[in-house]
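Some notes on the structure that comes next.
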Amino acid sequence: MKARLWVLYCLVVCSIPAKSENLLENRAYFSLGLAAVFPEETLFTDNDRADSGLPKLYGSPDIFTDGDFDTGIEWRAGLGYRFTPALRAQMEFGMANGLDYRGNANYHRSGARQPSEAELDTRQFLFAGFYDFPSWEATSSLRIQPYLGAGAGITDYDLEDFVQRFPAPDIPHGYLRRGANGEIPLTRLPPGSGQEFTWMVTAGVVIPMTKRMRLDLSYRYTDAGEITTDVGDITIERYRQDGSRREDLLVEIDKTVTDLKTHGLLATFRFDF
């Protein structure tokens with residue numbers, strides 16, 4: 001997946017025209033593009049609220065689920081305005097669906113392999129400001145304008161289908177036996193949703209394509225705050241010694257939580273009004 005995204009990014013770069021145009025100033029603009037998003041390592045742990053009064057899923061700081069969200073594609077659109085030759089601002093919206101989480105839990109006496117999975121959808125609303133440096137002539141036919149930027153806003157998220165499986169062979173206490181047809185015992189966690197304060201920093205270059213269109217290539221670091229499961233019942237699916245399924249147990253637990261921090265490579269087309 002990462003290799004394909006790098007190829008796509010390189011193709012966009014290679015599509016730069018042989019002759020570039022001067023940028024226009026003091027214009028409103030619309031932008032539309034996509035980003036390859038690379039989340040940092042993601043560790044689900046217990047919520048650290050001491051006053052919740054609810055049992056914890058992991059129950060100990062040394063028990064957790066360690067994993068990663070897969071590299072994903074985020075669509076991004078924005079409206080901006082250039083106030084001076086150096087300063088501009090924009091409001092932007094980004095959306096990434098189906099970011100798959102793959103990890104491994106480490107409960108005691110549950111085997112070395114405890115594969116866990118979930119799926120995340122995010123929507124971001126940001127207000128950002130940018131400082132554009134003077135453009136410089138990279139070649140006789142290519143002019144580049146570097147910039148720096150920062151922004152803040154809100155990430156709205158939905159975390160779904162969080163499942164922890166325990167495929168280890170039968171262990172001494174028999175609690176994690178497989179079913180008669182090889183069914184693997186598992187625990188389903190509650191979904192999660194919410195809104196989190198988000199901030200980002202970015203650096204990039206702008207390459208004019210025509211007098212009213214430009215290509216924006218950038219790197220972005222984003223801290224989207226905490227992603228949590230909701231307070232609610234976990235569903236515990238287990239099997240008896242004869243392979244029959246026990247009655248599912250429903251146990252209310254406190255939230256589990258992780259930080260969501262990402263690195264992104266963005267390719268955006270900007271159109272002056």
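The values are calculated or read from the model by the stated rules, or taken from the named source; none is laboratory data. Source: prediction; values computed, not measured. Don't worry about glycine lacking a Cβ; one is built from the backbone with ideal geometry, like all the others, and counts go over all protein chains shown. These accessible areas exclude ligands, DNA and RNA; they are computed on the full protein's heavy atoms, side chains included. Shrake-Rupley method; radii C 1.70, N 1.55, O 1.52, S 1.80 Å.
Just a few scattered comments:
- Note that segment 154-273, at 4 °C in a medium of 1.567 mPa s, gets a Stokes-Einstein diffusion coefficient of 71 µm²/s from its Kirkwood radius over C-alpha pairs.
- Only protein heavy atoms count here; on that basis, with a 1.4 Å probe, residue 207 has an accessible area of about 10 Å².
- Point-to-point label distance, residue 43-residue 201, nm (Cα→Cβ direction, 7 Å offset): 2.2
- Taking every protein chain into account, the 1.4 Å probe leaves residue 205 with about 50 Å² of accessible area, to the nearest ten.
- Cα gyration tensor shape of the chain, rounded if a/c is under 1.5, else prolate or oblate by comparing a/b with b/c: prolate
- Residues 117, 252, 247, sorted by accessible area with the largest first, give 247, 252, 117 [1.4 Å probe; ligands and nucleic acids excluded].
- The fraction of all Cα pairs in segment 206-273 landing in successive 5 Å bins from 0 to the largest distance is 4, 12, 11, 9, 8, 9, 8, 8, 7, 7, 6, 5, 4, 2, 1, given as whole percents.
- Ordered from largest to smallest accessible area (heavy atoms of protein chains, 1.4 Å probe), the residues 216, 100 come out as 100, 216.
- Rounded to the nearest 10 degrees, the angle from helix 2-14 to the longest Cα principal axis of the chain is 10 degrees.
- Linear extension gain, residue 75 paired with residue 250, 0.36 nm per residue minus alpha-carbon span: 59.2 nm
- Förster-model FRET efficiency, 22 Å R0, residue 184 and residue 230, C-beta, rounded to 0.05: 0.35
- Cα-based shape type of segment 71-170, given that a ≥ b ≥ c are square roots of the gyration tensor eigenvalues and the cut on a/c is 1.5: prolate
- Paramagnetic reach from residue 100 (point 7 Å along Cα→Cβ, amide N under 12 Å) across segment 27-64: none
- If you plug the beta carbon distance of residue 152 and residue 241 into 1/(1 + (r/R0)^6) with R0 = 41 Å, you get a FRET efficiency near 0.15.
- Heavy atoms of residue 27: accessible area, 1.4 Å probe, square angstrom to 10: 70
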